[in-house]
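To keep things clear, I will list the structure first and then write my remarks on it.
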Amino acid sequence: MDKNAMGACIRPAARGDLRDGVTDRVHAHLRGTQDSLTTPFVVRENTWARDVFAASVQWMQEHGLLTGERRRWLEKCNIGALLGLTNPHTDPHLLRLAGDWYVWLYAFDDGVCDEAFTGAQAWDMAHLTLRLKRSVTGFAPGEEPEENYARALFDLRCRIAEHATPAQLVRWAEAVRDYLNGQLWESMYRATGQTPALDDYITMRESASGCLTCFALLPLLNRYHLSEEERAHPDVEQLSRSANRIIAWDNDLFSYWKEQGDHSAFANLITAVAQQQQCETAVAITYTRKRRDDELATFLRTEKRIARHLSTEGRSYIANLRNWVSGSLEFHKTSRRFAAMPRAVHL
């Protein structure tokens, strides 16, 4: 998602030898940056995740979300590892809800969002987004949607409602609607061949990352109730925002090279920085890494400031965020989803 940066041109990598030239240096810098990313949080894994994820893949197939090579690719990416790394203490029954949500998100990303490149396709996605928003709001009996993604989302919404408090369900539904708005926003940029301004990108990425939809499920998945007052505390909101940004910007660093070849990385922090600052890709990578590390420092300062004021439930929520940050990074470092050969580079 990175194309037509201001004043930039695309030079394809040389076919025979990728060890020479600017392309190789930029790729090496990016790989070095990825390898050096760390967090101070312990990496934990849920031993039930593999079996649960297999059931979630079956659920995805029953709803016809991905088929053929796209389905096989999603399975090879080992999203089940992400499920276990980000929910290390969730029991198998509730973990299944998270697993189904993860496969829905990744199937939607691979099967719908990555296809919305042209104006007509983006328009179709706008119509689909409206139907999906209705799915998380709820349908009356007999009004269930016919479209595969909407039907699967409604099924999951009904099952979440069986375990969630009314407030938890509303919070998740709001986060999903924001996520869909973010995906529509990205598709419109891709369809028009534009790169978002840096501030716009940072704001919309918070919704488009999908992390907030997963954070909204954390109290349900771990069997505690986070009061609205504590959740809305400025420091708790800052911790959620910082965790989201760290995860999203780690993803930008790991996704950039693959997106650069697949669909030009329009919606990526590296691209937005390179355009706004009119700088080389390597400089934008360094900037992105610094923003990510600064956000991690903000998380740690905020946690230290509020730690003694948190309830047991509040401490559980922050621990869940820490698991998400460390687990997501571990997934990015080990999943085949982010492996890519060097491709074209902006000079």
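The values are calculated or read from the model by the stated rules, or taken from the named source; none is laboratory data. As the structure is a computational prediction, the values presented were derived from the model and not from experiment. Every residue, glycine as well, gets a Cβ built from its backbone with ideal geometry; the counts of neighbours run over all protein chains shown. All accessible areas refer to the heavy atoms of the entire protein, side chains included, with ligands and DNA or RNA removed. Shrake-Rupley method; radii C 1.70, N 1.55, O 1.52, S 1.80 Å.
Applying the condition of being in a helix (DSSP H, G or I) and not hydrophobic (A, V, I, L, M, F, W, C) to the range 81-101 and asking which residue is most open to solvent (accessible area, probe 1.4 Å) yields 93.
Give the residues of the range 174-213 that are among the aliphatic types (A, V, I, L, M), closer than 19 Å to residue 237 by Cβ and open to solvent by 10 Å² or more (accessible area, probe 1.4 Å), sorted by residue number. It would help to see each step written out before you state the result.
Filtering the range 174-213 down to residues among the aliphatic types (A, V, I, L, M) leaves 175-176, 180, 184, 188, 191, 197-198, 202, 204, 208, 212.
Filter once more, so that each one left must be closer than 19 Å to residue 237 by Cβ: 175-176, 202, 204, 208, 212.
Once the filter is applied, which keeps residues that are among the aliphatic types (A, V, I, L, M), closer than 19 Å to residue 237 by Cβ and open to solvent by 10 Å² or more (accessible area, probe 1.4 Å), the range 174-213 yields 175, 202, 204, 212.
Of the residues 184, 217, 198, which is within 29 Å of residue 99 (Cβ to Cβ) and out of contact with any Ser or Thr (no Cβ under 9 Å at 6 or more places or on another chain)?
Numbers: 184 fails: out of contact with any Ser or Thr (no Cβ under 9 Å at 6 or more places or on another chain); 198 fails: within 29 Å of residue 99 (Cβ to Cβ).
Selected residue: 217, the only one of 184, 217, 198 that is within 29 Å of residue 99 (Cβ to Cβ) and out of contact with any Ser or Thr (no Cβ under 9 Å at 6 or more places or on another chain).
Every residue in the range 258-272 that is touching a helix residue (DSSP H, G or I) at 6+ places or on another chain (Cβ under 7 Å) and surrounded by fewer than 24 Cβ atoms within 10 Å (Cβ to Cβ), please.
Step one: of the range 258-272, the residues touching a helix residue (DSSP H, G or I) at 6+ places or on another chain (Cβ under 7 Å) are 258, 263, 265-270, 272.
258, 263 - these are the residues of the range 258-272 that are touching a helix residue (DSSP H, G or I) at 6+ places or on another chain (Cβ under 7 Å) and surrounded by fewer than 24 Cβ atoms within 10 Å (Cβ to Cβ).
Condition check: out of contact with any Cys (no Cβ under 8 Å at 6 or more places or on another chain) and under 23 Å from residue 182 (Cβ atoms). Does residue 54 satisfy that?
Details: out of contact with any Cys (no Cβ under 8 Å at 6 or more places or on another chain): yes; under 23 Å from residue 182 (Cβ atoms): no.
When the stated conditions are applied, residue 54 does not pass them.
The set of residues from the range 300-309 being among the aliphatic types (A, V, I, L, M) and open to solvent by less than 20 Å² (accessible area, probe 1.4 Å) comprises just one member, 306.
Checked against (1) closer than 26 Å to residue 294 by Cα; (2) modelled with pLDDT under 95; (3) part of a helix (DSSP H, G or I), residue 1 passes all but a single condition, namely (3).
The residues of the range 277-299 that are within 27 Å of residue 234 (Cα to Cα), of a type in the set (A, V, I, L, M) and surrounded by 16 or more Cβ atoms within 10 Å (Cβ to Cβ) amount to a single one, 296. Per the listing 254, 215, 266, the residue uniquely in contact (Cβ under 8 Å) with a residue 12 or more places away in the chain, within 21 Å of the chain's Cα centre (by Cα) and part of a loop (DSSP other than H, G, I, E, B) is 266. When restricted to residues that are at positive phi and either in contact (Cβ under 8 Å) with a residue 60 or more places away in the chain or assigned to a loop (DSSP other than H, G, I, E, B) (or both), the range 37-71 contains 1. Any residue at all in the range 150-169 that is in contact (Cβ under 8 Å) with a residue 40 or more places away in the chain, aromatic (Phe, Trp, Tyr), open to solvent by less than 50 Å² (accessible area, probe 1.4 Å) and assigned to a helix (DSSP H, G or I)? The answer is no; no qualifying residue exists. Just so you know, in the range 23-65 the residues that are hydrophobic (A, V, I, L, M, F, W, C) and within 30 Å of residue 303 (Cα to Cα) include one that is surrounded by the fewest Cβ atoms within 10 Å (Cβ to Cβ), and it is 42. So which residues in the range 124-149 are loosely packed, with under 14 Cβ neighbours inside 10 Å and among the hydroxyl-bearing types (Ser, Thr, Tyr)? Result: 137, single match. Within the range 222-239, the set of residues being surrounded by fewer than 12 Cβ atoms within 10 Å (Cβ to Cβ) and of a type in the set (Gly, Ala, Ser) comprises 232 only. Can you tell me which residues in the range 310-329 are in contact (Cβ under 8 Å) with a residue 12 or more places away in the chain and open to solvent by 30 Å² or more (accessible area, probe 1.4 Å)? Residues satisfying the conditions are 311, 312, 313, 316, 322.
Do any residues in the range 84-109 that are within 23 Å of residue 64 (Cβ to Cβ) have Cβ atoms under 8 Å from those of residues that are among the charged types (D, E, K, R) and surrounded by 21 or more Cβ atoms within 10 Å (Cβ to Cβ), where the two are at least six apart or on different chains, and which pairs are they? Every condition considered, no pair remains.
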